[in-house]
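Right, one structure below, let's go through it.
Nothing in this text is a laboratory measurement; each read-out follows from the coordinates by a stated rule. Worth saying up front: this structure is predicted, and the values here are computed from it rather than measured. Don't worry about glycine lacking a Cβ; one is built from the backbone with ideal geometry, like all the others, and counts go over all protein chains shown.
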Amino acid sequence: MTAFEYASGLISIVIGLAIARVLGGIGGFLVARQRSTSDWIVATWCLALLVTMIAWWHVGWMTFRGRPEIDLGTSFAWSFATALFYLAVFVLVPHTIAQEDSSEVGTLRPPRPAFYLCLAAHFVAGSLISNSVFESQGVIIMSILVLVSAAGAGAKTDRARAIHLGVWLVAFVAVIVATPAIGEVKP
């Protein structure tokens, strides 16, 4: 067993829990009887976070797959960044899918400032451990993604949250474009 396989076990569990929570939130949204104006924003965030989790796995693969060993600090930083991502998902997706007759079933609330701050902290930690993967333009775009994520904490209205989500998605797509493909070796 390589160091990457060993370290990725914990990360896979945490990412799996986050994916299960997001999918549970989407399921709750689908069975909801009442809708609010912020529901589509939270539902879009859920879909964006699913893609983000896959991208996070991809960055981990690109960063650690060829290393014969992974030091404790790097392993801790990778685990910490993944835990921050799970916390962002936990704050975003409510756990109110208990009873179908409850009025709380599937009710989505606007993202709290803690969601945006956890997301920004995740990208800060992620960029520290994965800066060897990104070219210089990728690091700049990743920094913009950190700033945009943190700026969402100040969004007070649904319109501001929608604009923020649009800007975040553009920055995220730019990061994905700047990230090398799996199997591509950087010179």
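With R₀ set to 41 Å, the beta-carbon distance separating L128 from A160 gives a calculated FRET efficiency near 0.90. Take the Cβ atoms of L30 and R67, set R0 to 45 Å, and the FRET efficiency comes out at 0.65.
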